[in-house]
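A.B. asks: Below is one structure. I have some questions about it.
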Amino acid sequence: MKLIDRDRRVIWHPYTQMKTARSPIPIVRGEGARLYDESGNEYIDAISSWWVNIHGHAHPYIAQKVADQLHKLEHVIFAGFTHEPAVELAERLVKVLPSNQSKVFYSDNGSTAVEVGIKMALQYWYNRGIKKRKIIALSNSYHGDTFGAMSVSVRDLFTEPFRDLLFEVIRIPTPTKGNEEASISGLSRALSTQDVAAFIFEPLLQGAGGMIVYDAEPLDKMLATCSKQEIPTIADEVFTGFGRTGRFFASDFLENKPDIICMSKGLTGGTMALGATSCTEYIYNGFLSDDKRKSFFHGHSYTGNPVACAAALASLDLMEEDDTWKNIARIILRHKQFASRLIKHPRAENVRQIGTIVAFDAIGDEDTGYLNSLRDRMNDFCINHRIIVRPLGNVMYLIPPYCITDHELDKVYTTLISMLDSL
Ligand SMILES: *Cc1c(COP(=O)(O)O)cnc(C)c1O
């Protein structure tokens, strides 16, 4: 039986209407920015396999380090025990994170990294005996698919079936161009009137909400306000971390640093599932007590998995190489040139770029929105041209692995322009 037929019998895919979806493409191997299917077709992965891959597929250096670790220690319970890869990874993360970050808490993925961040902030107040329960979040935010992460995310199509079960948050506008004042004053108003426990945001780039880009300046002001009132801030860097925005973290563009930072996606170079949430000494100290009830009661079976940590360490090694940063700079420059071509195209609107991400709204003749047919038309066009994309409604974007070659980028850009021509 063919793989896609076996798949259909037993697999339920994410974000997929299984009744109507086209058959998934069976991928057998990857190399650099390329993926190969069963029939030997070659695809350029222009979205880093759901935004996680940063150094390319099946990277030999990461593969070797993972294999070495597997032969030494595959896993050990992380409560009451520790190991070299977890300790070294935390040491190295603390070195590259904003200087106020001092402790690392491990979990499994982006959503759990966010859950940990939210729970840290809430229990921080609880441990002090102060009733602060409300969280401020931005419009169009996306923080993951578990219940806490959904609660702080925008209420939309994805969260609708669970709406009545999500906890309430204080929603303020994202400080995009023209909305800076509304956002800043919204935050101040929320802080002055309600029992705010924390402010959570995706710094400078809201991913799943539509690749929405905003400046550091208004966010900096908002962080300063929170800091003055000693309200913990949570930067969800799950998507923006590890060079995506042109710096190591998007928070590096800010003068005022967040208290809690959530990481995943690029953390292991896109090799394995791993989440990490870092925090300041100040937050951490809020849990130190002779009273065991003030412990942070959170953990997962695979917390701090040594193999995942080894993958992350290997990825960090690669992040330290000049070539990686040269590649990032090269992609930024190439994206800029592509953006200037897009701006002139009558079927592209709101062209935006931050770091290695370039995005635009495509204008077809149909409605916009996540479920529109334009999305499928764009997707099919690119797949037929062997380019892997994943439009968010009519929002088309590119997030390539840093190792993508100029030649591959050219092919992606040319395909997107012909796609727009075809609309
Ligand atoms: C993808 C994403 C998440 C969720 O990460 P998962 O690993 O998919 O659970 C959280 N926050 C942001 C900003 C993301 O882009």
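A.B. asks: For segment 92-106, in order, what is each residue's ³J(HN,Hα) by Karplus, 6.51 cos²θ - 1.76 cosθ + 1.60 with θ = phi - 60°, in whole Hz (x at glycine and Pro)?
C.D. replies: 6, 5, 4, 5, 8, 6, x, 5, 7, 7, 9, 10, 10, 10, 8
A.B. asks: Only Lys, Arg, Asp and Glu count, each charged at its Cβ (+1, +1, -1, -1), so figure out the dipole size of segment 145-212 about its Cα centre, rounded to 20 debye.
C.D. replies: 140
A.B. asks: Take the residue pairs K228/K257; K228/K265; K2/K411 and return only those whose Cα atoms are more than 21 Å apart.
C.D. replies: Distance filter (> 21 Å) returns K228/K265; K2/K411.
A.B. asks: Would you check segment 11-152 for Lys pairs whose C-alpha atoms are within less than 18 Å, ignoring same-chain pairs closer than 8 in sequence, and give me the count?
C.D. replies: The result is 5.
A.B. asks: Specify which residue in the list V154, L89, I170 is farthest towards the positive end of the charge dipole of segment 63-319, using unit charges on the beta carbon of Lys, Arg (+1) and Asp, Glu (-1), about the Cα centre.
C.D. replies: I170
A.B. asks: Taking just the alpha carbons, could you work out the radius of gyration and Dmax for segment 223-294, both in angstroms?
C.D. replies: 14.4, 44
A.B. asks: Quick check on the exposure proxy: order R163, R334 from fewest to most C-beta atoms within 10 angstrom.
C.D. replies: So the residues, fewest neighbours to most, are R163, R334.
A.B. asks: Follow-up. Could you work out the helix-only [θ] at 222 nm for the chain, with each DSSP H run of four or more residues adding -39,500 (n - 2.57) and the total divided by the number of residues, to the nearest 500 deg cm²/dmol?
C.D. replies: -11500 deg cm²/dmol
A.B. asks: Please give, to one decimal in nm, the separation of the simple spin-label points placed at R29 and K2, each 7 Å out from Cα toward the Cβ.
C.D. replies: Output for this residue pair reads 2.2 nm.
A.B. asks: Provide the descending list of Cα extents for the chain along its principal axes, expressed in whole angstroms.
C.D. replies: Here the spans come out as 63, 55, 46 Å, largest first.
A.B. asks: Then there is this: May I ask you to list the aspartates and glutamates whose Cα is less than 14 Å away from that of K326, ignoring any residue fewer than eight positions away on the same chain?
C.D. replies: Leaving aside aspartates and glutamates fewer than 8 places away in the same chain, those within reach of K326 are D406.
A.B. asks: On to the next question. Along the Cα→Cβ direction, 7 angstrom out, place labels at K177 and S289. What is the inter-label distance in nm?
C.D. replies: A separation of 4.9 nm, rounded to one decimal place.
A.B. asks: Another one. Give the order of M263, M419, M378 when sorted by the count of other beta carbons within 10 angstrom, beginning with the fewest.
C.D. replies: Fewest-to-most ranking of M263, M419, M378: M419, M378, M263.
A.B. asks: Additional query: Cα axis of helix 60-72 to longest principal axis of the chain: angle in degrees, 0 to 90, nearest 10?
C.D. replies: 50
A.B. asks: Taking the Cα atoms only, what angle lies between the long axis of helix 406-422 and the longest principal axis of the chain, rounded to 10 degrees?
C.D. replies: Approximately 70 degrees, to the nearest ten.
A.B. asks: Counting other beta carbons within 10 Å of each Cβ, put E84, E230, E237 in order, fewest first.
C.D. replies: So the ranking, lowest neighbour count to highest, is E230, E84, E237.
A.B. asks: Then there is this: Packing-wise, with mean Cβ within 10 Å as the measure, how do 319-325, 291-297, 146-152, 264-270 rank, highest first?
C.D. replies: 264-270, 146-152, 319-325, 291-297
Taken together, the values in this text are just the output of simple stated rules run on the coordinates, not laboratory data. What you are looking at is a predicted structure, and each value in this text was computed from that prediction instead of being measured. We place every Cβ from the backbone using ideal geometry, glycine too, and count neighbours over all the protein chains shown.
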